[in-house]
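Asks: Take a look at the following structure, please.
The values are calculated or read from the model by the stated rules, or taken from the named source; none is laboratory data. Everything numeric here is computed off the predicted structure, so don't read it as measured data. When we count neighbours, we look across all protein chains shown, and the Cβ atoms used for this are built from the backbone with ideal geometry, even at glycine.
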Number of protein chains: 2
Amino acid sequence: MTVLGTASPARNLVCRACGATYPLAAQHACFECFGPLEVAYDIEALKQVTREQIEAGPNNIWRYAGLLPAGQDEAARVTLNPGLTPLVRADLLAAELGITGGLWIKDDSANPTHSFKDRVVSVALSAAKALGFQRYACASTGNLANSVAAHAARAGVPSVVFVPHDLEPGKIVTTAVYGGDLVAIEGSYDDVNRLCSELVETDEFEDTAFVNVNVRPFYAEGSKTLGYEVAEQLGWRIPAQVVIPMASGELLTKIDKAFEELVEIGLVEAPAEGWTVFGAQSAGCNPIALALHNDTDEIQPQKPTGIAKSLNIGDPAAGPYALESVRRTGGWMEYADDEEIRAGIQLLARTTGVFAETAGGVTTACLVKLVKTGRLDPAKETVVFNTGEGLKTIDAVAEQVGPTYRVKPSLKAAKEAGLL
Amino acid sequence: MTVLGTASPARNLVCRACGATYPLAAQHACFECFGPLEVAYDIEALKQVTREQIEAGPNNIWRYAGLLPAGQDEAARVTLNPGLTPLVRADLLAAELGITGGLWIKDDSANPTHSFKDRVVSVALSAAKALGFQRYACASTGNLANSVAAHAARAGVPSVVFVPHDLEPGKIVTTAVYGGDLVAIEGSYDDVNRLCSELVETDEFEDTAFVNVNVRPFYAEGSKTLGYEVAEQLGWRIPAQVVIPMASGELLTKIDKAFEELVEIGLVEAPAEGWTVFGAQSAGCNPIALALHNDTDEIQPQKPTGIAKSLNIGDPAAGPYALESVRRTGGWMEYADDEEIRAGIQLLARTTGVFAETAGGVTTACLVKLVKTGRLDPAKETVVFNTGEGLKTIDAVAEQVGPTYRVKPSLKAAKEAGLL
């Protein structure tokens, strides 16, 4: 079994459940207890990384290569060079909501395929290449499919991505256009994911890296870059509150982990009052938020519904860890129904110029609820994560918005319409 | 009449036709000859700008503020901070086309509203704010509308944008979602443009900056940043050949002007053999290319057809200047029909991971033709400009691409489908 080389600060894989350790290979579950594996680092190596090194690096996630498990060698990366996306000051939105402590949108729709998935795919496929894989694959609710297909196209490597058959056209076309194989599965995302877990064990897929299955531990680490960037963009400071959408729950846990790491290795000072993590789900798929609201550790799988398809994971793998992050930091979780999601998309666009996909509508709607219910402190600095692009889910608001006037091309017609 | 302040290196407006000069105000046509006005600079001020200053600037167009007519004061900008978009090495595409001198895609779909228009809008509206305008407007084929509406939303300023009624949904929704006024005109872009030229003269629109009408000279300068960035990203070097899509023709002339300026003010060395400028249009709207092919200076206005709507300007204002640039540099122009445009989009996506809108398909298809006909030298370094995002025109390829497999979620079904 091939393992990652020594340039990486990663030391091994460790089971999140029982703590068993494994080499840095393509393995995602513990042989002892079937718990999920995570990358563990040589902390002394991480401590060598300085702000100056990072700031002198490229304007993308690879400025943090010293904190990632793969991609240290620029020439060996499989990447579209995502990251260093805008942290947008949202003063108009803050004013509407009564947030006085400062509000920011971390806008990851600015990535090459317009979602945060480019981050995780770049790290996963750079690891996959180092591990000797010859084909790239994933199970996806859409954004991941776009990203894997585009990465594979740029690298000239075959790809095969698996999606639910009923995805938005904006996510089907933007995957298929790159020319790899696109497999539409007649089932939910959870069905797709289960099939991929079976395929990865077959001989025919032995040469295939499923970014969120067999190389998942490396994949998940890519999300940490969102936390690193926010801290750096705030002037090496961790915000008091963050609001993060949840599908598998992994993104939330990794942003929290990124903040912890930054403090542990001395790149930022520990905030006196710590930080608080809030999670956002849609009402059509809210197993993690429901567990929190019901004060239980048991996450009941759901059959997802609703327009926020990119968040529609009914059996969220990292749900327990997301619960742990939110509880430990004194945060909360909310969920928003389709009408609230549509309103959230429009509110965010109207006040910030950021047009988010449905997931961003979820997060904005949940921000509104968290303020209204007093769970989120309006006097504290808050960063909201927009993970995707409105263009991919335009149907969500196509009936809500449109031309405000329709006129013939003459001054007379413009006058009659009330424009003059 | 308000004029721009002294922080700007711009000195005055000058008529491109007769050379008459005017103050830096909201004026776009010469009072003497009705020729188009352009910004002229204090060359000595431009010569003060150094590579080091630029490289130490922000990761967006404002690193070139010292070379632009507006936006020197960060706090007074109206901007989404576009620019410094990826210059993507396209080795796989080069190999398919037999280009040996190096091929790059300047991918401006990475801008905040995913087209190069964010550049020109940021410069135009920063000038407009300095000039005292209270409302932002434009005539648009879609991308400009998206950008003006988003800029206005971020700034909290009212907007009113005018578009042809038959635009792609991806461009209607992405404008309307920002909450400003959106006026659908029952006519072509040229009709829309004419109406805006009339509206701008009315009392009701006295407080309104139409980015591509009354503040057009400032607007047009924003396109220069594409040329600056390419040179900087190549290590302060001008590429031997550039291939640029044409609507009004202005983008092409401004990239050429940017290269000239960089040489004139000493930021780059003049290439021994100069540079060659190539223009790309769609067959459904090719007035500039036809004039070149017919060896005439007379550009015959057309009624545009075809899928490349963002390029559908039948009466291109800067056409004569685009002809001049291409002739002076020994270049050529090509045009591509709808089938070639669709193939161009797919070719670019498959070989580079860049999913372009129809305009990018036009440019890629014209690149293919320029190589085949020998007009473009495959042994020389070439930069191709992708100005927009495939997500905005997904209908263009929606029937060409799709799932390659459709299967039930089981290993058995995957086997039967030939995946195993």
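Asks: Would you point out which residue out of B:S310, B:S325 is within 21 Å of B:K254 (Cα to Cα) and at pLDDT below 95?
Replies: Exactly one residue qualifies, and that residue is B:S310.
Asks: Every residue in region B:362-393 that is assigned to a loop (DSSP other than H, G, I, E, B) and in contact with a Ser or Thr (Cβ under 7 Å, 6 or more places away or on another chain), please.
Replies: B:L376, B:P378, B:A379, B:T387
Asks: Would you pick out the residues in region A:309-322 that are of a type outside the set (S, T, Y) and either surrounded by 23 or more Cβ atoms within 10 Å (Cβ to Cβ) or in contact with a Pro (Cβ under 8 Å, 6 or more places away or on another chain) (or both)?
Replies: Of everything in region A:309-322, those that are of a type outside the set (S, T, Y) and either surrounded by 23 or more Cβ atoms within 10 Å (Cβ to Cβ) or in contact with a Pro (Cβ under 8 Å, 6 or more places away or on another chain) (or both) turn out to be A:K309, A:L311, A:N312, A:I313, A:G314, A:D315, A:P316, A:A317, A:A318, A:G319, A:A322.
Asks: Any chance you could count how many residues in region A:291-319 are part of a helix (DSSP H, G or I) and free of Cβ contacts under 8 Å to residues at least 24 places away in the same chain?
Replies: 0
Asks: Hey, can you tell me all the residues within region B:9-23 that are among the small types (G, A, S) and under 20 Å from B:I265 (Cβ atoms)?
Replies: Listed by number, the list holds a single entry, B:A10.
Asks: Here's something else I'd like to know. Checking B:T225 against (1) of a type in the set (V, I, T); (2) surrounded by fewer than 24 Cβ atoms within 10 Å (Cβ to Cβ); (3) under 27 Å from B:S325 (Cα atoms): exactly one of these is not met. Which one?
Replies: It is condition (2) that B:T225 fails.
Asks: Also: For region B:351-378, which positions are surrounded by fewer than 24 Cβ atoms within 10 Å (Cβ to Cβ) and among the charged types (D, E, K, R)?
Replies: Residues satisfying the conditions are B:K369, B:K372, B:R375, B:D377.
Asks: Of the residues A:L199, A:L234, which single one is farther than 23 Å from A:V326 by Cα and hydrophobic (A, V, I, L, M, F, W, C)?
Replies: When all the criteria are applied, what remains is A:L199.
Asks: Which numbered condition in (1) closer than 20 Å to A:D91 by Cα; (2) within 12 Å of another protein chain (Cβ to nearest Cβ); (3) of a type outside the set (G, A, S) is the only one that A:E381 fails?
Replies: (2)
Asks: Let me ask another. Can you name the residue in region B:394-414 that is part of a loop (DSSP other than H, G, I, E, B) and either facing chain A (nearest Cβ under 7 Å) or among the hydroxyl-bearing types (S, T, Y) (or both) and, of all such residues, is surrounded by the most Cβ atoms within 10 Å (Cβ to Cβ)?
Replies: Filtering first and then ranking leaves B:I394.
Asks: If I filter region A:255-267 for residues that are surrounded by 24 or more Cβ atoms within 10 Å (Cβ to Cβ), touching a helix residue (DSSP H, G or I) at 6+ places or on another chain (Cβ under 9 Å) and of a type in the set (K, R), do I get at least one hit?
Replies: No: region A:255-267 contains no residue that is surrounded by 24 or more Cβ atoms within 10 Å (Cβ to Cβ), touching a helix residue (DSSP H, G or I) at 6+ places or on another chain (Cβ under 9 Å) and of a type in the set (K, R).
Asks: All but one of (1) in contact with a Cys (Cβ under 6 Å, 6 or more places away or on another chain); (2) within 14 Å of chain A (Cβ to nearest Cβ) hold for B:P304, so report the exception by its number.
Replies: With respect to (1) in contact with a Cys (Cβ under 6 Å, 6 or more places away or on another chain); (2) within 14 Å of chain A (Cβ to nearest Cβ), B:P304 is out only on (2).
Asks: Taking the condition farther than 30 Å from A:E201 by Cα, more than 13 Å from the chain's Cα centre (by Cα), more than 14 Å from every other protein chain (Cβ to nearest Cβ) and not polar (S, T, N, Q), does A:G132 pass?
Replies: For A:G132, the condition - farther than 30 Å from A:E201 by Cα, more than 13 Å from the chain's Cα centre (by Cα), more than 14 Å from every other protein chain (Cβ to nearest Cβ) and not polar (S, T, N, Q) - is not met.
Asks: So, one more: Can you name every residue in region A:200-240 that is within 14 Å of chain B (Cβ to nearest Cβ) and not aromatic (F, W, Y)?
Replies: Hits for region A:200-240 are A:V200, A:E201, A:T202, A:D203, A:E204, A:E206, A:D207, A:T208, A:E229, A:E232, A:Q233.
Asks: Name the one entry in B:E273, B:E260, B:E269 that is acidic (D, E) and not in a loop (DSSP other than H, G, I, E, B).
Replies: B:E260
Asks: May I ask you to verify whether B:A10 is crowded, with 17+ Cβ neighbours inside 10 Å, under 14 Å from B:A70 (Cα atoms) and in contact with a strand residue (DSSP E or B) (Cβ under 6 Å, 6 or more places away or on another chain)?
Replies: Criteria met by B:A10.
Asks: Is region A:267-275 home to any residue that is in contact with a Gly (Cβ under 8 Å, 6 or more places away or on another chain) and among the aliphatic types (A, V, I, L, M)?
Replies: no
Asks: Which residue is farthest from the other protein chains (Cβ to nearest Cβ), if the candidates are limited to region A:326-341 and must be surrounded by 22 or more Cβ atoms within 10 Å (Cβ to Cβ) and part of a helix (DSSP H, G or I)?
Replies: A:V326
Asks: Which condition breaks for B:K372 when tested against (1) within 8 Å of chain A (Cβ to nearest Cβ); (2) farther than 30 Å from A:C196 by Cβ; (3) free of Cβ contacts under 8 Å to residues at least 24 places away in the same chain?
Replies: Evaluating B:K372 over (1) within 8 Å of chain A (Cβ to nearest Cβ); (2) farther than 30 Å from A:C196 by Cβ; (3) free of Cβ contacts under 8 Å to residues at least 24 places away in the same chain leaves (1) as the failure.
Asks: Can you pull out the residues in region A:162-205 that are of a type in the set (A, V, I, L, M, F, W, C) and touching a Ser or Thr at 6+ places or on another chain (Cβ under 6 Å)?
Replies: Once the filter is applied, which keeps residues that are of a type in the set (A, V, I, L, M, F, W, C) and touching a Ser or Thr at 6+ places or on another chain (Cβ under 6 Å), region A:162-205 yields A:V163, A:L182.
Asks: Could you name every one of the helices (runs of 4 or more DSSP H) located completely within region B:14-114 that has at least 2 residues being crowded, with 17+ Cβ neighbours inside 10 Å and assigned by TED's automatic domain parsing to the domain that holds B:V383?
Replies: The helices (runs of 4 or more DSSP H) meeting that bar are B:91-97.
This table checks each residue for (1) within 18 Å of the chain's Cα centre (by Cα); (2) in contact (Cβ under 8 Å) with a residue 60 or more places away in the chain; (3) more than 30 Å from A:P58 (Cβ to Cβ).
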residue: B:G102; (1), (2), (3): no, yes, no
residue: B:I105; (1), (2), (3): yes, yes, no
residue: B:S115; (1), (2), (3): yes, yes, no
residue: B:N143; (1), (2), (3): yes, yes, no
residue: B:A155; (1), (2), (3): no, yes, yes
residue: B:P158; (1), (2), (3): no, no, yes
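Asks: Condition check: out of contact with any strand residue (DSSP E or B) (no Cβ under 9 Å at 6 or more places or on another chain) and not β-branched (V, I, T). Does A:E264 satisfy that?
Replies: So A:E264 passes the test.
Asks: Another question, if that's okay. From the residues in region A:159-199 that are within 16 Å of A:S115 (Cβ to Cβ) and more than 7 Å from chain B (Cβ to nearest Cβ), which one is surrounded by the fewest Cβ atoms within 10 Å (Cβ to Cβ)?
Replies: If we take residues in region A:159-199 being within 16 Å of A:S115 (Cβ to Cβ) and more than 7 Å from chain B (Cβ to nearest Cβ), then A:E168 is surrounded by the fewest Cβ atoms within 10 Å (Cβ to Cβ).
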